[in-house]
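One structure is given below, encoded as C-alpha cells.
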Amino acid sequence: MARRLSASRRSPSRIRFAVVVSRFNDFITNNLLEACLGEFARLGISRDALEVVNVPGAFELPVTALYLARKKNIEAVICLGAIIKGQTAHYELVAAETARGLQSVALSTGKPVVFEVLVADTIELCVARARKGDRDNKGACAARTAFEMGPLLKGL
C-alpha cells in the first residue's frame, strides 16, 4: 500500500525555505517574489522561516542555491528569474546553463530546488506568468511546490 505524505503534518514554525531571486528583469522577478512570499503566508509559513537572497542575474542562481541547499536548516530552495530573448543567442546559453546548474544542485544535495526561471521570447509572455494578485503567478506556484516537496523527500 502506498504511503501518502502530507505537508499539513508539519509544524510551520520549524520549516525553513530559501528563495533566491534575480535582480535582472526585476519588473518581473519582484512580482514573482511578492507572489511567492504571499503564498507562503497563505500556507502558514511566517516570514521568519524564509531566507530571501538577491543575486545579480539568473546565471548566479545555481551557485547561490548550492550554498543555501547545503545548510541543514533549509528544506527547499526556490529560484526565481526572468530570461527574455534579445537580439543574440546569449539568452539561450544563460537559460540552459541556469537550468542545468539548478538541476545539478538538486541532485547533488538531495534537496528540492524549485525552478521558476521564466524563459520567454517576449516581455509580454513573462508578464503573463508573473501578474500581481494572480494565484497562477509562477512565484506562488513555486511556494506550493517547495511546501510539498520538502516533506515528500524527507519521508522517502
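Every number in this text was worked out from the coordinates using simple rules, so none of it is lab data. On a predicted model such as this, the values are computed, not experimentally measured, just so you know. All Cβ positions, even for glycine, are placed from backbone atoms using ideal geometry, and neighbour counts span all protein chains on display.
The residues in region 136-148 that are surrounded by fewer than 21 Cβ atoms within 10 Å (Cβ to Cβ) and out of contact with any strand residue (DSSP E or B) (no Cβ under 6 Å at 6 or more places or on another chain) can be counted, and the count is 4.
For beta carbons closer than 6 Å, sequence separation of 6+ or different chains, a first residue in region 55-71 that is under 14 Å from residue 112 (Cβ atoms) and a second that is surrounded by fewer than 19 Cβ atoms within 10 Å (Cβ to Cβ), the qualifying pairs are 69/109.
Within region 124-135, can one find any residue that is in contact (Cβ under 8 Å) with a residue 60 or more places away in the chain, β-branched (Val, Ile, Thr), within 27 Å of residue 48 (Cα to Cα) and surrounded by 14 or more Cβ atoms within 10 Å (Cβ to Cβ)? No; the residues of region 124-135 include none that is in contact (Cβ under 8 Å) with a residue 60 or more places away in the chain, β-branched (Val, Ile, Thr), within 27 Å of residue 48 (Cα to Cα) and surrounded by 14 or more Cβ atoms within 10 Å (Cβ to Cβ).
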